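The values are calculated or read from the model by the stated rules, or taken from the named source; none is laboratory data. The shown structure was predicted, so the numbers you read here are calculated from the model rather than taken from an experiment. Because the Cβ atoms are built from the backbone with ideal geometry, glycine has one as well, and the counts that use them run over all protein chains shown.
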Amino acid sequence: MERFKTYALVAIAAILFIGIAGAVSQRAVIERFLAVNGGDPLTLPIDWYNPKEAVPGAPTNSIPVAEAAERTIPNASLEEAAAYAEAQGSQTLIVVHKGVIQLERYWGETDRDTWFNPQSMSKSVFSLMVGIAIEEGHIETITDPVGKYVEEWRDDPRGTATIQQTLWMAAGLEQMNESYDISLFSRGALYSLGQDFDGMILDLKQVDRPGTTFDYNNEETNLLGIVIERATGRRYADYLSEKLWRPLGLADAAM
């Protein structure tokens with residue numbers, strides 16, 4: 001009996017040690033999980049995201065704003081669009097036609113200086129940055145395999161997916177998670193709340209042959225970020241700032 005008690009105490013101590021070690025290693029995840037407080041990270045205030053990486057801009061306010069009498073879209077149509085946007089809980093509606101702002105409307109506490117989470121709008125920016133990297137010769141062609149730039153996948157079937165197939169979300173990778181449930185047992189939550197973004201993406205399995213199946217997959221877009229950084233040898237935020245954000249005269253941003 002005494003031997004059994006000794007074994008039990010050793011087992012309990014080992015479990016506690018593993019638990020404490022795991023908690024220390026995932027400290028950032030736990031702190032962010034508690035900060036979420038049951039909310040959705042996709043809709044949390046920008047201040048919640050910490051740390052953030054700066055994307056310096058060079059604001060010029062170069063887009064002209066049309067007076068009501070100068071608008072090229074009927075006022076009634078613009079007001080109808082604004083009413084619909086407000087009914088959907090929108091924060092902002094900006095309508096641009098022929099290079100001129102026709103309507104600029106804000107709701108709640110939002111204004112021109114408000115930062116917001118662009119969510120999947122950033123996917124379009126990724127595709128632009130891939131095009132710039134190709135134009136500058138960092139990426140040879142859109143049909144290059146991902147493994148050409150991601151060394152870990154150079155001799156891996158996952159690396160045979162082309163950049164084009166990845167842009168199409170047809171690289172064949174599994175989903176990081178099948179739901180948006182916020183749980184410390186959810187791989188998707190650990191990814192969103194943690195710090196090992198590249199590692200978790202590169203650990204994803206291949207579930208379809210590249211180019212055969214479209215599957216809306218955020219991580220295939222994030223994989224392109226790894227490709228761009230490896231191809232250019234630069235942080236994505238720095239490359240984005242120099243090649244797109246500042247030339248467009250946009251205000252400072254962060255990611």
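Observations on the structure shown:
- Scan of the stretch 218-239 for residues that are out of contact with any helix residue (DSSP H, G or I) (no Cβ under 6 Å at 6 or more places or on another chain) and more than 18 Å from residue 145 (Cα to Cα), ordered by number: 218, 234, 235, 237, 238
- Close Cβ contacts (under 7 Å, 6 or more residues apart or on different chains) running from residues in the stretch 144-163 that are more than 14 Å from residue 134 (Cβ to Cβ) to residues that are among the charged types (D, E, K, R) comprise 147/154; 147/156; 150/230.
- Test for residue 241: is it over 21 Å from residue 152 (Cβ atoms) and either at pLDDT below 95 or hydrophobic (A, V, I, L, M, F, W, C) (or both): no
- For residue 161, the criteria (1) exposed (fewer than 15 other Cβ atoms within 10 Å of the Cβ); (2) touching a Pro at 6+ places or on another chain (Cβ under 6 Å) hold in every case but one, which is (1).
To keep it simple, each residue is scored yes or no on (1) touching a helix residue (DSSP H, G or I) at 6+ places or on another chain (Cβ under 7 Å); (2) loosely packed, with under 10 Cβ neighbours inside 10 Å.
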| position | (1), (2) |
| --- | --- |
| 49 | no, no |
| 56 | yes, no |
| 60 | no, no |
| 67 | no, yes |
| 73 | no, no |
| 79 | no, no |
| 82 | no, no |
| 89 | no, yes |
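- Condition check for residue 159: more than 24 Å from the chain's Cα centre (by Cα), of a type outside the set (A, V, I, L, M) and under 25 Å from residue 240 (Cα atoms): no
- Matching residues in the stretch 106-126 - criterion: being surrounded by fewer than 15 Cβ atoms within 10 Å (Cβ to Cβ) and closer than 16 Å to residue 164 by Cβ: 124
- Count of the stretch 197-220 residues, restricted to those that are closer than 15 Å to residue 173 by Cα and not in a loop (DSSP other than H, G, I, E, B), is 9.
- Taken together, 217, 177 contain a single residue that is without any contact (Cβ under 8 Å) to a residue 40 or more places away in the chain, surrounded by 16 or more Cβ atoms within 10 Å (Cβ to Cβ) and on the phi < 0 side of the Ramachandran plot, which is 177.
- Residue list for the stretch 44-77, restricted to those being farther than 25 Å from residue 119 by Cα, of a type in the set (A, V, I, L, M) and touching a strand residue (DSSP E or B) at 6+ places or on another chain (Cβ under 6 Å): 65, 66, 73
Table: residues versus (1) over 27 Å from residue 245 (Cβ atoms); (2) over 17 Å from the mean Cα position of the chain (by Cα).
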{"position": "136", "(1), (2)": "no, yes"}
{"position": "140", "(1), (2)": "no, yes"}
{"position": "143", "(1), (2)": "yes, yes"}
{"position": "146", "(1), (2)": "no, yes"}
{"position": "149", "(1), (2)": "no, yes"}
{"position": "155", "(1), (2)": "yes, yes"}
{"position": "173", "(1), (2)": "yes, no"}
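- Among the candidates 124, 120, residue that is under 17 Å from residue 221 (Cβ atoms) and touching a residue at least 60 places away in the same chain (Cβ under 8 Å): 120
- Residues of the stretch 177-209 that are closer than 22 Å to residue 128 by Cα and modelled with pLDDT of 90 or more: 198, 201.
- Scanning the stretch 244-255 for residues that are surrounded by fewer than 19 Cβ atoms within 10 Å (Cβ to Cβ) and either under 20 Å from residue 167 (Cα atoms) or not basic (Lys, Arg) (or both) returns 244, 247, 248, 249, 250, 251, 252, 253, 254, 255.
- Residue match in the stretch 203-213 (condition: in contact (Cβ under 8 Å) with a residue 60 or more places away in the chain and not acidic (Asp, Glu)): no
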